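All remarks here apply to the structure that follows.
Rule-based calculations on the coordinates, nothing more; no lab input. This one's a predicted model, so the numbers in the text were calculated from it and none came from an experiment. FYI the Cβ positions are ideal-geometry reconstructions off the backbone, even for glycines, and counts take in every protein chain you see.
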Amino acid sequence: MSEKTGCLRGSFSTKDALPGKTRFPFVASCLGGEGLGLKGWGTQGERGTREESGTHFVAWVPKNPRLARLAEQIRRLQADRRPPLQRCPSGLGELDAALGGGFALASVHELLAPVDGAPVRSVALLAAGRAAGEHRWILYIDTGGDFYPPGAAQLGVPLERLLVVRAARRADALWVSEQALRCHAVAAVVLPVRRVDAYVTRRLQLAAESGGGLGLVIQSEPRPGHTFAASRLRLDPLIGEAETRRVLVSVLKLREGRPPEPFVLELPDAAGALRAHAGSGERAGQTRRSVVVG
């Protein structure tokens, strides 16, 4: 339940909907848990409103006292069972503040890059490098064949604990990502793909909860729709900015808290290396482990 709006994310019976009103299906967030995937009906206006991201709906607390008490009981049970939330800061102050302290661990996060993928990859690698710490591993699924290890090293990625997986097929990339996220030795998995649907994010989220790491899914051709990811960010380069170091960040979804207003984020100088040297990874000669799948 939101303290500011008094709203409840949940599922309601069709008989609760007001007759003669516009109804629309939605996948309930279930008080932030989102794992239940309950389906229900809402009514635009009286029953709820569509959020800017278009991924789910916000419905008002039901007037029926029994339903309200049940919703409160569910919220308390979920709060008791939910372990303390841990976060991994990216090192970018404005972004970490918008996310409530950093990327939530044991979770999947969607990073949308419909224009230029370099800024998004930079953010993902910054977070992955910090999540790895001194002992854990990072997996980068090189679906485009353009990964550049020296640029990743400048962003703090330990190349000696970096495993680059080159998957020829999308199904292989998703399978490797899911298995790696289940491994406790893996701190982060970076997966660039064209797009993913709710089914894929659900499987990856369950895997991340099992392994405790970060799943950073970069989408180049995203589509609006429901997602089980903890957050969904869109990064758009500002027009006229050299080397896309300044980007406009829009938080389209935030599981814990209310998404902030769009803000401008300045990336470090090292972020330009990924864009400048795209496609030159084979000539880098840097130490990393590479696996070809498919």
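Measure off 7 Å from each Cα along the Cα-to-Cβ vector at Arg69 and Arg182, then give the distance between these two points in nanometres to one decimal.
Those two pseudo-labels are separated by 4.2 nm.
What distance in nm separates the simple spin-label points at Phe263 and Asp146, each placed 7 Å from Cα in the Cβ direction?
Between Phe263 and Asp146, the simple spin-label model gives 2.9 nm.
Assign one of three labels to segment 87-293, namely rounded, prolate or oblate, based on the Cα gyration tensor with a ≥ b ≥ c the square roots of its eigenvalues; rounded applies when a/c is under 1.5, prolate when it is not and a/b is larger than b/c, and oblate otherwise.
Rounded.
I need the phi-derived Karplus couplings for segment 94-103: 6.51 cos²θ - 1.76 cosθ + 1.60, θ = phi - 60°, integer Hz, Gly and Pro marked x.
So the Karplus estimates, Gly and Pro as x, are 5, 5, 4, 5, 5, 8, x, x, x, 6 Hz.
For Glu221 and Ile239 in one chain, what is 0.36 nm times their gap in residues minus the Cα-Cα distance, to one decimal in nm?
Computed gain between Glu221 and Ile239 is 4.5 nm.
Name the long-range amide H neighbours of Lys253: under 5 Å, sequence gap of 5 or more, or other chain; modelled H, no Pro or chain starts.
Residues meeting the amide H criterion: Arg232.
Provide the packing ranking of 86-95, 174-183, i.e. peptides ordered by the mean count of other C-beta atoms within 10 Å per residue, highest first.
Packing proxy ranking, top to bottom: 174-183, 86-95.
If packing is taken as the average number of other Cβ atoms within 10 Å across a peptide's residues, how do 160-166, 192-198 rank, most packed first?
Output ranking for 160-166, 192-198: 160-166, 192-198.
Once fully extended, how much extra length lies between Arg246 and Gln86, figured as 0.36 nm per residue of separation less the alpha-carbon to alpha-carbon distance?
Gain on extension, Arg246 to Gln86, equals 54.8 nm.
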